[in-house]
Amino acid sequence: MKNIQMDLSRQNVRYAVKIGGGIVKTCLRELLSGYAQKTVFVITNTTIVDLYPDFVREWLPDHVEVRTLSLPDGEEKKNLAQVSVIYDFLIEHKANRKSVIIALGGGVVGDIAGFAASTFMRGVACVQVPTTLLSQVDSGIGGKTGINHGSGKNLIGTFKQPLQTIIDVDFLGTLPEREFIAGYAELVKHGFIRDAYLFQILRQKKIDTIKNDRELLIEAVFRSCEVKARVVEADEHESNQRAILNFGHTLGHFLEAYTGYQRLLHGEAVIIGMDFAAWWSFRHEYLEESEYQTIHDHLKGLGVSFPLPRRIEADFRSLIEYDKKYDDSGFRFVGLTAIGQARVFEGITTTALWEAVDRYIRENRLLQYID
Ligand SMILES: NC(=O)c1ccc[n+]([C@@H]2O[C@H](COP(=O)([O-])OP(=O)(O)OC[C@H]3O[C@@H](n4cnc5c(N)ncnc54)[C@H](O)[C@@H]3O)[C@@H](O)[C@H]2O)c1
């Protein structure tokens, strides 16, 4: 089992991120062994309950009583109404300030359960057990919780570090391939921005090989989590490093918004966004062409591309400026100077960005014009 220690001194918080295969039972039993409270609260969703019906009975220690809340599945359920359902459930079962919540599921469950845990009685402990690749390398670490509002995604949220994060790659065996690829986007992103060796061990492999090779997955997830953990820690000291995690997200967010969050998964949009950001870096002579080509070949191999109508400029200009990386001086755009080295560029204007996007599409890379 691999272990990452998160050390957030300003928040006076330290916690472990455990990573391995088949580890969830051992970790939970160890974590809860000295736990005096009789009841733990598992928050999950209907998909996970169907796939892992034994979780409660077999994976939690015998001395604890378990109350399970199974929420409906789906991003559209990451809202205040469901938070209220969680509060009602905790109150009904007499949760108190010493209670422990276990968030078992993907990023949606992790975000909503984390949010409820951080606000219920001004904060109770929450163990994150992420079950998608995206949540294992991204949302399960860093302490951001959040829910959606009718007018925008993740508009309401808190920072609440978990008691522990338990990452068991065996959960990924049941993940649909499309979700695996979407999570892989965030995993390989950490290689592009900070860990050339991580990309090195992934680039020779086909996605199916990676999905089915348990040891490789553990190593890759571990290295990816290390990058996120160190960036989050450094950012606590206001180095603004967290911005580099947005590599691929400027164009990615536009594509998601343009398609109404329906046609592309977040990670699929980020795959296209990363290819664009690497291409932009090469076109501006920050990145060697051969390195861009290596990145492009790898991302193209994931099988994600998207057609756009030629008259897209007006939509691009209006939607892109809602991006949180935009202010009056322009965009903060994350590019690469080498594989494994990200750099933040400030003050990129909407016009400059549009001209680059238009040229990128004309070159028929991962976006194409359809008419
Ligand atoms: N807090 C953060 O820092 C952070 C970072 C990135 C993303 N997010 C949030 O995470 C969410 C996306 O997370 P996600 O991609 O995990 O989506 P998700 O939680 O919706 O999971 C995707 C689908 O996979 C299913 N699933 C989960 N685990 C499974 C398994 N082991 N086998 C089979 N199916 C499984 C889920 O039920 C769901 O249908 C978004 O709401 C996003 O805003 C948060």
**Within region 25-83, tally of residues that are without any contact (Cβ under 8 Å) to a residue 24 or more places away in the chain and either crowded, with 19+ Cβ neighbours inside 10 Å or among the hydrophobic types (A, V, I, L, M, F, W, C) (or both)** = 3
**Complete:** Over region 175-197, the set of residues more than 13 Å from the ligand (Cβ to nearest atom) and charged (D, E, K, R) is ARG194, ASP195
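Going by the conditions given, is PHE115 of a type in the set (A, V, I, L, M, F, W, C) and either in contact with a Lys or Arg (Cβ under 6 Å, 6 or more places away or on another chain) or within 10 Å of the ligand (Cβ to nearest atom) (or both)?
The answer is yes for PHE115.
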**Item:** Test for VAL100: is it touching a residue at least 12 places away in the same chain (Cβ under 8 Å), within 12 Å of the ligand (Cβ to nearest atom), surrounded by 18 or more Cβ atoms within 10 Å (Cβ to Cβ) and of a type outside the set (Asp, Glu)
**Value:** no
**Request:** Determine which single condition ALA125 fails, assuming it passes every other condition in (1) modelled with pLDDT of 95 or more; (2) closer than 29 Å to ALA36 by Cβ; (3) over 14 Å from the mean Cα position of the chain (by Cα); (4) within 15 Å of the ligand (Cβ to nearest atom).
**Result:** (4)
**Fill in**
Among LEU308, LEU299, the single one that is aliphatic (A, V, I, L, M) and either over 16 Å from GLY191 (Cα atoms) or open to solvent by 20 Å² or more (accessible area, probe 1.4 Å) (or both) is LEU308
**Asked** For residues in region 132-166 being open to solvent by less than 40 Å² (accessible area, probe 1.4 Å) and in a loop (DSSP other than H, G, I, E, B), which is nearest to the ligand (Cβ to nearest atom)?
**Response** THR132
**Residue selected from region 10-24 under the condition of a type outside the set (A, V, I, L, M, F, W, C), within 16 Å of the ligand (Cβ to nearest atom) and touching a helix residue (DSSP H, G or I) at 6+ places or on another chain (Cβ under 8 Å), by the criterion most open to solvent (accessible area, probe 1.4 Å)** = GLN11
**Asked** For region 97-107, does any single residue satisfy the condition of being modelled with pLDDT of 95 or more and assigned to a helix (DSSP H, G or I)?
**Response** yes
**Which listed residue, of PHE254, PHE282, is open to solvent by less than 20 Å² (accessible area, probe 1.4 Å) and not in a strand (DSSP E or B)** = PHE254
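Considering only residues that are of a type in the set (Phe, Trp, Tyr) and modelled with pLDDT of 95 or more, which ones fall in region 150-187?
Correct list: PHE171, PHE180, TYR184.
The values are calculated or read from the model by the stated rules, or taken from the named source; none is laboratory data. This one's a predicted model, so the numbers in the text were calculated from it and none came from an experiment. Note: ideal-geometry Cβ built from the backbone for every residue, glycine included; neighbour counts use all protein chains shown. Only protein heavy atoms, including side chains, enter the accessible area calculation; ligands, DNA and RNA are left aside. Shrake-Rupley method; radii C 1.70, N 1.55, O 1.52, S 1.80 Å.
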